[in-house]
Amino acid sequence: MNEGKVRKDGKQGKEGKAGRRGFMASAGLGIAALFAGAGRVAAADWNEGEKANVKTVTDFCAAWSARDMARVLPFLADDCVYRMSETTPPVNGHAGVTGRLKTWLDDSTLVEFRVLDTAAAGPIVINHRIDRFLTARPLTWEGVGVFFVKDGKIKEWSDYTIKVQR
């Protein structure tokens with residue numbers, strides 16, 4: 001397919017998944033610009049597809065308060081990719097997400113994803129959030145989530161940490 005194509009780094013070969021991972025990783029660089037207002041589009045200016053994608057991500061974030069993976073998983077594509085932070089390896093599919101996050105839900109008496117700001121461009125939704133997990137050792141995480149939405153489902157989700165408080 002892409003064999004023999006010259007990549008942006010000047011090397012020849014396949015772009016494949018590494019190209020998408022590189023894109024998602026570099027998305028963090030654009031986050032600051034989006035939230036600083038550069039190239040920002042008001043919610044009223046989002047097209048219908050972007051509005052639907054923002055609703056999917058917003059509803060997904062709200063579903064965490066139920067502390068029930070059965071309420072969260074329907075928002076994710078079966079083959080989704082999730083990266084908890086810039087320092088953790090990604091997990092794949094519903095089983096991977098459940099394995100990574102179910103303990104947090106089970107150990108928490110309260111889970112809250114508070115969305116502070118949202119930007120959208122095509123299939124990409126970026127939100128600035130504060131997530132709270134009330135456990136024996138409470139955790140408050142502030143960061144930015146980058147979501148790739150396809151066919152009404154979250155296909156890729158990566159979180160980037162601003163600060164953590166215990």
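Residue under question is D117, and the condition is that it be surrounded by fewer than 18 Cβ atoms within 10 Å (Cβ to Cβ) and either within 14 Å of the chain's Cα centre (by Cα) or modelled with pLDDT under 95 (or both); does it hold? In short, yes. Answer yes or no as to whether R100 is basic (K, R), out of contact with any Phe, Trp or Tyr (no Cβ under 7 Å at 6 or more places or on another chain) and in contact (Cβ under 8 Å) with a residue 12 or more places away in the chain. Here the answer is no, as R100 does not meet what is asked.
The residues of the range 41-55 that are modelled with pLDDT of 95 or more and part of a helix (DSSP H, G or I), listed by number, are E48, G49, E50, K51, A52, N53, V54, K55.
Scanning the range 91-117 for residues that are over 19 Å from R129 (Cβ atoms) and part of a loop (DSSP other than H, G, I, E, B) gives a single hit, T109.
Filtering the range 94-104 to residues that are within 20 Å of D151 (Cβ to Cβ) and touching a strand residue (DSSP E or B) at 6+ places or on another chain (Cβ under 6 Å) leaves only V97. A search for C-beta distances below 8 Å between a residue of the range 144-166 that is over 14 Å from H128 (Cα atoms) and at pLDDT 95 or above and any residue that is assigned to a strand (DSSP E or B) and among the basic types (K, R), counting only pairs 6+ apart in sequence or on different chains, returns F148/K155; V149/K155.
The values are calculated or read from the model by the stated rules, or taken from the named source; none is laboratory data. These numbers were taken from a predicted model, which means no experiment stands behind them. Because the Cβ atoms are built from the backbone with ideal geometry, glycine has one as well, and the counts that use them run over all protein chains shown.
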